[in-house]
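Colleague: Pasting in a structure now, in structure tokens, and then I'll have a few things to ask.
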Amino acid sequence: MSDLSGGPSLPQERRVVTAIPGPKSQELAARKQRAVADGVGNVLPVYVKRAGGGVIEDVDGNSLIDFGSGIAVTSVGNSAEAVVRRATEQLADFTHTCFMVTPYESYVEVAEQLADLTPGDHDKKTALFNSGAEAVENAVKIARAYTGRQAVVVFDHGYHGRTNLTMALTSKSMPYKHGFGPFAPEVYRVPLAYPFRWLTGPDNCAEEAAAQAIDQITKQVGAANVAAIIIEPLLGEGGFIEPAKGFLPRIAEFAKENGIVFVADEIQSGFCRTGQWFACEDEGIVPDLITTAKGIAGGLPLAAVTGRAEIMDAAHAGGLGGTYGGNPVACAGALGAIETMRELDLNGKARRIEEVMKPRLRKMAEQYPVIGDIRGRGAMIAIELVRPGTKEPAADVTAALAKACHQAGLLILTTGTYGNVVRFLPPLVIGEDLLNEGLDILENALAELA
């Protein structure tokens, strides 16, 4: 049996029957060591057999509670019924033609859906790609073509990908950039309104950070030279940072005043993850361009740039595309994922996840002062761990906490510029019993570490 959220006949329960990882996973890890480049690491080397709903089942028969969703990808559940159905039908018809050679309807339909779902009632167009980094690179290309300018402005703690241009855009050196330079030129980084770490406190954060960022752009780059400002409305790899309220609107206003293309990178935060279709909606931001990937297609590789038609049309014919961009099977998966999001009201489910998680995390913070901050929205929530009584990052405690949770059968992910943030990205279809059991495991692990 299966439902819209996927996971055919997969019991929604935690089950730990071996060490984590178990013997079969260890055998596969040995094969991986011989065959796969060392640069491709694993958070938790349990090898997956099945996944669905809120669990991941490994080859040893362990069933882990999933608080990761493949890094915010399987928001609709793994192997969601509509994704599988539509992708399977497409597989039987054809797997590839290349949209730039002989096109097909599903690409157009995905573009139509994105025009409907993304913020703003202006005319919009879309181009489809394979990955988030590819979407960001193409957003830069489009912005440069439209403005005739070259400079790109990004923010402290931002993450935009691992390709050459997106490494330049990404803030954190290790592991994303270290040893891989030189990087693309004409990229400028300015301060972010990070409330927990703003020196004068959170109350002044938005106004001061926006003033500093705008001052740096104006003096060091020149607003007339900036093609695009790119920001994650709720930062991902930087530590699930919510920019202080008022910061994003001021930056968007500055961009509009100066003819700069404002790009919202919603690759991790999009598609119901924050309890809204897109995180930028929280403060009424209507970006010129929006980049999406991850949750768009239920686990199949797809990404998009969607934006104002006049901006999207600035690139010459043939200037955008790629052999696999908008692959028909991935497009079918995206249509199935969007169908599931609508039918199951996954925005509502994300908000309910926040209602369950945040009160429990606040109680843990009262008991365990290692939790310095709780932040995020919907099902994109994080805790930042510090030395009690300070804001000194506790990366070692964060790693130990993750390991303890993994051993107990809960998959959690760490993140953050300082490696001291635990992020929670459960599938939006997870049952509340599993959600609370996962929080029990987290609380027990905190107690043991304390």
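Colleague: Based on the alpha-carbon set only, what is the convex hull volume of the stretch 154-247 divided per residue, in Å³?
Modeller: 101
Colleague: What translational diffusion coefficient, in µm²/s and rounded to a whole number, does the Stokes-Einstein relation yield for the stretch 178-225 at 25 °C and a viscosity of 0.890 mPa s, taking the hydrodynamic radius as the Kirkwood radius over Cα pairs?
Modeller: 197
Colleague: A further question follows. On the first, second and third principal axes, largest extent first, how far apart are the outermost C-alpha atoms of the stretch 50-194 in Å?
Modeller: For the stretch 50-194, the Cα extents along the three principal axes come out at 47, 42, 30 Å.
Colleague: Give the Cα extents of the stretch 381-450 along the principal axes, in whole Å, largest first.
Modeller: Extents along the principal axes, in whole Å: 35, 24, 19.
Colleague: If we count other beta carbons within 10 Å of each Cβ, what is the order of Glu437, Glu310, Glu266, fewest first?
Modeller: Fewest to most other Cβ atoms nearby, the residues stand as Glu310, Glu437, Glu266.
Colleague: What is the fewest-to-most order of His157, His316 by other Cβ atoms lying within 10 Å of their Cβ?
Modeller: In order of increasing Cβ crowding within 10 Å: His316, His157.
Colleague: If you plug each phi of the stretch 370-380 into the Karplus form 6.51 cos²θ - 1.76 cosθ + 1.60 with θ = phi - 60°, what whole-Hz ³J(HN,Hα) values come out, in order, with x for Gly and Pro?
Modeller: Values, residue by residue: 5, 7, x, 8, 10, 8, x, 9, x, 9, 10 Hz.
Colleague: The stretch 214-267: Rg/Rh from Cα coordinates, Kirkwood Rh?
Modeller: 0.98
Colleague: Semi-axes of the equivalent ellipsoid for the stretch 83-343, please: Cα gyration tensor eigenvalues, times 5, square-rooted, ordered largest first, whole Å.
Modeller: 31, 20, 17
Colleague: Stick to the Cα atoms of the stretch 121-174, pair each with every other, and give me the Kirkwood hydrodynamic radius in Å at one decimal.
Modeller: About 12.3 Å, per the Kirkwood formula over Cα pairs.
Colleague: For q values of 0.11, 0.13 Å⁻¹, compute log₁₀ I(q)/I(0) with the Debye formula on a Cα-only model of the chain, without solvent.
Modeller: -0.87, -1.23
Colleague: While we're looking at this one, here's another question. Taking neighbour Cβ counts within 10 Å as the exposure measure, how do Phe240, Phe155 sort from fewest upward?
Modeller: Listing Phe240, Phe155 from fewest to most nearby Cβ atoms yields Phe155, Phe240.
Colleague: Run the numbers for Thr200 and Asp313: contour at 0.36 nm per residue of separation, minus the present Cα-Cα distance, in nm.
Modeller: Between Thr200 and Asp313, full extension yields an extra 36.3 nm.
Since every read-out is calculated from the coordinates, none of them should be taken as a lab result. A quick note: this is a predicted structure, and the numbers were derived from the prediction, not measured. Here the Cβ is made from the backbone with ideal geometry for all residues, glycine too, and neighbour counts use every protein chain on show.
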